[in-house]
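Q: The structure that follows is given in the form of structure tokens.
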Amino acid sequence: MVVLEIKSLKKAYHQSSTSIEIFKDLNFHVKPGQKIAIMGKSGSGKSTLLSLISGIIKADDGDILLDGTSYKQLEESQINDFRASNIGFVFQNFHLVSYLNALENVMLPAKVCNISNPKEKAKELLKSVGLEHRLDHLPSQLSGGEKQRVAIARALIHNPKIILADEPSGNLDEETGIAVMDKLFELIDKNNTTLVLVTHSKEVALRCEKTYELSQGNLV
Ligand SMILES: Nc1ncnc2c1ncn2[C@@H]1O[C@H](COP(=O)(O)OP(=O)(O)OP(=O)(O)O)[C@@H](O)[C@H]1O
Ligand SMILES: [Mg+2]
């Protein structure tokens, strides 16, 4: 059983006369419920890989299958809905919507996906990340760690097939980073969600079942 399959993936960025080859022939799979850490030097292509898995950018060749759905076979117009229904994101810079409060941010995926009782579910998730007293705070009225906990709640509200996290503790002090990662892992374990986590921290990587190093376009 695999939830994510990457087959002969090819990706280069073209800039004026030069091209930067990121992936030549990447093959990789993740099993349901598995927690994978991806490490690697700055510029090795970690964020590019997450963008490809999320369908935000397109591969030059090869294919990605999420829960059996081939990205090659998805129409351009279907990709956004597919992503919204199946993937949850946690970014280094939180990416909360600045004019929505914590509760509204967490409920955002419900606008695209069918979620029953989104408000109750969002409240419950915010409670589980310790933010039941911050529901009506705007992102600008939250601390970094609180923002990231809102982002974690938002990433999970629609029970995605997979969570993609790009250095989620990268912008936090060490103690807050650990607390935020504790919450992420707690919720992921509770829901048996699959995780692909990019991190520069060996300690964080150790909490995953497998760690890969991205180097010269290969995961080793
Ligand atoms: N849109 C783009 N156009 C051209 N080149 C790009 C683009 N996005 C990224 N790159 C280049 O591709 C390489 C991989 O970038 P990527 O963001 O995937 O690295 P990363 O492994 O996430 O690095 P970091 O650890 O610093 O976040 C980098 O050398 C970067 O300069
Ligand atoms: Mg990156």
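The values are calculated or read from the model by the stated rules, or taken from the named source; none is laboratory data. Please read these numbers as outputs of a predicted model, since none were measured by experiment. Using ideal geometry, Cβ is built from the backbone for each residue, glycine included, and neighbour counts are taken over all protein chains shown. All accessible areas refer to the heavy atoms of the entire protein, side chains included, with ligands and DNA or RNA removed. Shrake-Rupley method; radii C 1.70, N 1.55, O 1.52, S 1.80 Å.
Q: Just need a number here: residues in segment 1-56 that are touching a strand residue (DSSP E or B) at 6+ places or on another chain (Cβ under 7 Å) and not aliphatic (A, V, I, L, M).
A: Within segment 1-56, residues that are touching a strand residue (DSSP E or B) at 6+ places or on another chain (Cβ under 7 Å) and not aliphatic (A, V, I, L, M) number 25.
Q: Follow-up question, since we're still on this one. Going residue by residue through segment 103-111, is there one that turns out to be within 18 Å of the chain's Cα centre (by Cα) and polar (S, T, N, Q)?
A: yes
Q: Could you give every pair whose Cβ atoms fall below 6 Å, whose first residue belongs to segment 40-53 and is in contact (Cβ under 8 Å) with a residue 12 or more places away in the chain, and whose second residue is crowded, with 18+ Cβ neighbours inside 10 Å and of a type in the set (Val, Ile, Thr), counting only separations of at least 6 or pairs across chains?
A: GLY45/ILE22; LYS46/ILE38; LYS46/VAL198; THR48/ILE22
Q: State which residue pairs qualify: first residue in contact (Cβ under 8 Å) with a residue 60 or more places away in the chain and inside segment 60-77, second residue among the hydroxyl-bearing types (Ser, Thr, Tyr) and open to solvent by less than 80 Å² (accessible area, probe 1.4 Å) in any location, beta carbons under 9 Å apart, and separation of 6 or more residues or different chains.
A: Listed by first residue and then by second, the contacts come to ILE64/SER70; ILE64/TYR71; LEU65/TYR71.
Q: Additional query: Is there a residue being part of a helix (DSSP H, G or I), in contact with a strand residue (DSSP E or B) (Cβ under 6 Å, 6 or more places away or on another chain), open to solvent by 20 Å² or more (accessible area, probe 1.4 Å) and not aromatic (Phe, Trp, Tyr) anywhere in segment 92-103?
A: Among the residues of segment 92-103, not one is part of a helix (DSSP H, G or I), in contact with a strand residue (DSSP E or B) (Cβ under 6 Å, 6 or more places away or on another chain), open to solvent by 20 Å² or more (accessible area, probe 1.4 Å) and not aromatic (Phe, Trp, Tyr), which makes the answer no.
Q: Another question about this same structure. Here's a check for you: in segment 28-73, which residue that is charged (D, E, K, R) and more than 16 Å from ligand 1 (Cβ to nearest atom) is surrounded by the most Cβ atoms within 10 Å (Cβ to Cβ)?
A: Taking the candidates together, the pick is LYS35.
Q: Any idea which of ALA205, ALA153, ALA165 is farther than 26 Å from GLY45 by Cα, small (Gly, Ala, Ser) and surrounded by 18 or more Cβ atoms within 10 Å (Cβ to Cβ)?
A: Answer to the selection: ALA153.
Q: When the residues of segment 171-193 are narrowed to those that are part of a loop (DSSP other than H, G, I, E, B) and farther than 29 Å from LEU65 by Cβ, which ends up least open to solvent (accessible area, probe 1.4 Å)?
A: LEU172
Q: Any residue at all in segment 138-155 that is under 22 Å from LEU66 (Cβ atoms), of a type in the set (D, E, K, R) and within 13 Å of the chain's Cα centre (by Cα)?
A: Checked segment 138-155: at least one residue is under 22 Å from LEU66 (Cβ atoms), of a type in the set (D, E, K, R) and within 13 Å of the chain's Cα centre (by Cα).
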